[in-house]
Amino acid sequence: MTIIGPDRPGLVDLVAGVVADHGGNWLESRMSHLGGHFAGILRIQLPGEAEAALTQALRELQTRGLTIVVHPDRPEASTRVPITASLEIMGQDRPGIVRQISRALAAFGVNVEELHTECVSAPMSGESMFKAAAKLHLPAERDAAELRQALEQIAADLLVDISFAEFTAIKPAR
């Protein structure tokens with residue numbers, strides 16, 4: 001499910017209470033305060049017969065300022081093992097950095113599993129610096145060296161530093 005609303009104390013407790021009251025088990029989540037709002041995505045495990053009641057209870061949280069969208073998690077079985085990689089970007093901020101990098105990743109069929117971006121002040125000059133860190137899944141049939149070369153070309157064009165590292169292939173969840 002996804003959650004978004006004006007940030008205030010107790011939001012996680014509110015959602016956790018509804019999940020627990022319906023017999024749900026909180027499996028994993030990514031939640032953050034950004035721009036005065038609280039946003040998150042989470043996965044829960046739930047007895048099938050409780051799904052409709054939980055979904056209705058979560059909809060009722062709209063009266064408390066939260067927008068919650070429930071997506072049933074029915075993952076597809078995959079026989080291919082993706083290659084996991086990390087990508088870090090650092091350079092002077094300017095429009096279009098994320099667009100150019102994401103376009104290259106999409107062209108290679110890369111799935112962006114996590115992406116964290118921020119703008120920070122450079123220590124000496126105070127200039128706005130763009131920083132990004134991503135966890136990627138490359139299709140098993142793609143050549144990571146080709147992707148690295150494409151990213152290095154973009155880095156040269158944008159005048160940013162890029163660090164790209166592959167990791168041992170992971171096994172898909174069953």
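Here, each number is a calculation from the coordinates, and none is a lab measurement. Just so we're clear, the structure is a prediction, and the values are computed from it rather than from any experiment. With ideal geometry, Cβ positions are generated from the backbone for all residues, glycine too; neighbour counts draw on all protein chains shown.
Highest GNM mean-square fluctuation among Thr63, Thr117, Thr55, for the chain modelled with Cα contacts below 10 Å: Thr63. Using modelled amide H (1.01 Å from N, peptide plane; none on Pro or chain starts), what sits under 5 Å from the amide H of Leu66, excluding residues fewer than 5 places away? Hits under the 5 Å cutoff: none.
Between Glu60, Glu152, Glu114, the GNM of the chain built on Cα springs shorter than 10 angstrom shows Glu60 fluctuating the most. Once the Cα atoms are used to define both axes, helix 11-21 deviates from the longest principal axis of the chain by about 50 degrees.
Using the rule -39500 (n - 2.57) for each DSSP H run of four or more residues, divided by the residues of the chain, the 222 nm mean residue ellipticity is -8000 deg cm²/dmol. Rounded to the nearest Hz, the phi-derived 3J(HN,Hα) couplings of the stretch 138-152 under the Karplus curve 6.51 cos²θ - 1.76 cosθ + 1.60 (θ = phi - 60°) are 8, x, 4, 7, 8, 8, 4, 5, 5, 5, 4, 4, 5, 5, 5, where x marks glycine and proline. For the chain, the longest principal axis of the C-alpha atoms and the axis of helix 97-107 are separated by about 80°.
Can you classify the stretch 83-166 as rounded, prolate or oblate using the Cα gyration tensor, where a ≥ b ≥ c are the square roots of its eigenvalues, rounded means a/c under 1.5, and otherwise it's prolate if a/b beats b/c and oblate if not?
Taking the square roots of the gyration eigenvalues as a ≥ b ≥ c, the stretch 83-166 is prolate.
Could you list the residues of the stretch 121-141 with an amide nitrogen less than 19 Å from a label point located 7 Å from the Cα of Gln92 in the Cα-to-C-beta direction? The answer is 121-132, whose backbone nitrogens lie closer than 19 Å to the label point.
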